[in-house]
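Have a look at the structure below before the remarks.
The values are calculated or read from the model by the stated rules, or taken from the named source; none is laboratory data. For clarity, every value in this text was computed on a predicted model and none was experimentally measured. Glycine gets a Cβ as well: all are built from the backbone with ideal geometry, and neighbour counts include every protein chain shown.
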Amino acid sequence: MIEAAGLHKAFGAVKAVDGVGFVARDGEITGLLGPNGAGKTTTLRMLYTLMNPDAGSVRVDGIDAAADPTAVRRRLGVLPDARGLYKRLTARENISYFGELHGLDARTIRARS
């Protein structure tokens, strides 16, 4: 489960996120909708610990993202855009490549693919 409470993020005088809060339960689909400039991307970056909120909190499976961002990243599978994939590789080859980069052995990579 992902829980966001009172998230705020500003860039100078621009308030990108102003008090966002929600719960995304396991096994459900949760959408984050809004017009361009509404703060969706900034909110997601705070959820997966690429950016710290100015105020508020994020919890993933009960883990405070500010206290243990590595544990939060381990629980999330995030690929925000296609730049992280190699188009010449198949999906399985991409998984294998990144698994190797993260120190997984071939057996584990095959099992998780």
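Mind counting the residues in the range 9-29 that are in contact (Cβ under 8 Å) with a residue 12 or more places away in the chain and either under 23 Å from Arg75 (Cα atoms) or of a type in the set (Phe, Trp, Tyr) (or both)?
Residues that pass the stated criteria total 7.
Quickly run through the range 48-69 and pick out the residues that are over 14 Å from His8 (Cβ atoms) and surrounded by 15 or more Cβ atoms within 10 Å (Cβ to Cβ).
Tyr48, Thr49, Arg59, Val60, Ile63, Ala65, Pro69
Among the residues in the range 88-99, are any in contact with a helix residue (DSSP H, G or I) (Cβ under 9 Å, 6 or more places away or on another chain) and assigned by TED's automatic domain parsing to the domain that holds Lys9?
no
Does Arg112 meet the test of being within 12 Å of the chain's Cα centre (by Cα) and of a type in the set (D, E, K, R)?
It is false that Arg112 is within 12 Å of the chain's Cα centre (by Cα) and of a type in the set (D, E, K, R).
Can you tell me which residue is modelled with the lowest pLDDT among those in the range 91-113 that are exposed (fewer than 10 other Cβ atoms within 10 Å of the Cβ) and in a loop (DSSP other than H, G, I, E, B)?
Once the filter is applied, the top-ranked residue is His102.
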